[in-house]
Each structure stands twice: as structure tokens, then as C-alpha cells.
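Here is the structure we will look at.
The values are calculated or read from the model by the stated rules, or taken from the named source; none is laboratory data. Quantities reported herein were computed from a predicted structural model and do not represent experimental measurements. Note that we place each Cβ from the backbone using ideal geometry, even for glycine, and neighbour counts take in every protein chain shown.
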Amino acid sequence: MAPIQPGDSPGYTVHNAAIGLGSNLGNPLETIQKAWLDIQAHPGLFPVALSSPYHSEPVDMVSSRWFINAVGLVRTVLPPRSLLRFLQNIEQRYGRRHVPGQDGYDDRTLDLDLLLYEDAVISDEELTVPHPRMTERLFVMVPLVEVAAELIHPHHRKTMRTILRDLHKRKVRQKIMPRCWENGS
């Protein structure tokens with residue numbers, strides 16, 4: 001099956017989705033780049049944009065290892081839960097293990113979060129979209145604004161740019177610094 005392209009309509013509805021990518025173990029830059037290639041390899045996904053990588057201090061956890069974070073935009077024919085399971089399978093290939101009922105965060109080789117799926121609002125045991133803490137995290141909002149500043153958040157009904165501006169006004173204390181991809185792009 002050939003990958004979908006913009007404008008294709010092979011009898012499927014094509015949806016926009018935003019994916020958060022993060023890593024703080026091994027070689028995080030390389031891991032995120034490879035994971036983005038793995039995402040693109042699915043025939044039901046079409047990559048639209050990948051933000052710059054950002055070096056960010058761990059949030060809501062204690063670790064000496066800072067993260068590399070980015071946000072990717074895709075167009076997909078996959079329903080949201082299928083997209084989530086596909087992302088979890090990629091995480092598992094990189095050594096990530098989801099432990100049901102585990103509270104808190106820890107260091108990880110790869111974290112892939114389904115941040116947004118069109119303007120869908122989903123909340124159940126398997127999936128919460130929009131991601132419940134995305135608007136409180138600079139390491140999500142800064143790269144998201146880089147690639148989709150005018151996107152409207154389904155709950156807040158504000159653009160991502162406005163949400164980020166509001167975060168800065170509240171003086172949220174999270175350290176984040178832009179980086180370059182290893183291939184120089």
C-alpha cells in the first residue's frame with residue numbers, strides 16, 4: 001500500500017494529528033529522528049512537519065538527564081486509538097514499557113504522545129485527547145507553536161500561540177533551549 005499524500009482520498013477520511021516526541025536516555029536526538037522515520041513508514045500516515053528539537057529540563061520528575069523534545073504533525077487515515085497503539089508499538093521497540101496504574105514519570109528511551117487529533121475530545125481509560133497537560137508544558141507548546149501556531153485547542157478555544165503567550169505571562173518556570181538536528185537541519 002502506497003503512503004497517503006495530501007489531496008488523496010482513497011475512500012478514507014484523512015485527519016490531522018499532533019504527536020509529541022521525547023527522549024532522555026541513550027542518544028535522544030538520534031532516537032527521535034529514527035522514531036520520526038518509523039512514524040513516516042506507516043502507509044496510513046503522511047508527515048506534514050517536524051519541529052526543531054528542544055533540550056528541556058525534566059518536569060514532574062527527578063532526573064539529572066534533560067530531555068530532547070519535538071512535535072510532529074501528520075495526516076492520517078488511522079482512527080485515534082489505532083494511531084495511539086501504533087505509537088506505543090514504536091515506543092516498545094525502543095525499550096519503553098508502559099506499566100498499568102504506574103503513577104509518576106521516569107527516564108525513558110522514547111515517549112510518543114498523541115497530543116491532538118483534529119478537534120476531537122476523547123477521555124477514557126485508553127486515551128485522552130487533547131493531551132491533558134500539554135498546555136502547561138513549555139517543552140510541548142514551544143515546538144507545537146513552531147509548526148502549528150494558529151491551530152485551535154479544542155478545550156480552550158484559543159490558538160496554540162495564545163496559549164504559549166499565556167504560559168509565558170504566568171512565568172511558568174521550565175528550562176527549555178533550542179537545538180539542531182544531528183544532520184544539521
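Quick check on segment 48-94: of everything there that is surrounded by fewer than 17 Cβ atoms within 10 Å (Cβ to Cβ) and of a type in the set (S, T, Y), which residue is modelled with the lowest pLDDT?
Ranking the qualifying residues of segment 48-94, first place goes to S63.
For segment 1-22, name all the residues that are modelled with pLDDT of 95 or more and buried (at least 19 other Cβ atoms within 10 Å of the Cβ).
A17, A18, I19, G20, L21, G22
Identify all residues within segment 59-100 that are assigned to a helix (DSSP H, G or I) and of a type in the set (A, V, I, L, M, F, W, C); write none if there are none.
Residues satisfying the conditions are L83, L84, F86, L87, I90.
Looking only at segment 126-157, which residues are within 22 Å of V48 (Cα to Cα) and not in a helix (DSSP H, G or I)?
Scanning segment 126-157 gives V129, P130, H131, A149, E150, L151, I152, H153, P154.
T109 versus (1) touching a residue at least 60 places away in the same chain (Cβ under 8 Å); (2) of a type in the set (S, T, Y); (3) assigned to a helix (DSSP H, G or I): which is the lone unmet condition?
So the condition that T109 fails would be (3).
Output yes when any residue across segment 116-137 is under 18 Å from A35 (Cα atoms), touching a Gly at 6+ places or on another chain (Cβ under 9 Å) and not aliphatic (A, V, I, L, M), and no when none is.
no
Any residue at all in segment 150-165 that's within 19 Å of N24 (Cα to Cα) and either in contact with an Asp or Glu (Cβ under 6 Å, 6 or more places away or on another chain) or in contact (Cβ under 8 Å) with a residue 12 or more places away in the chain (or both)?
no
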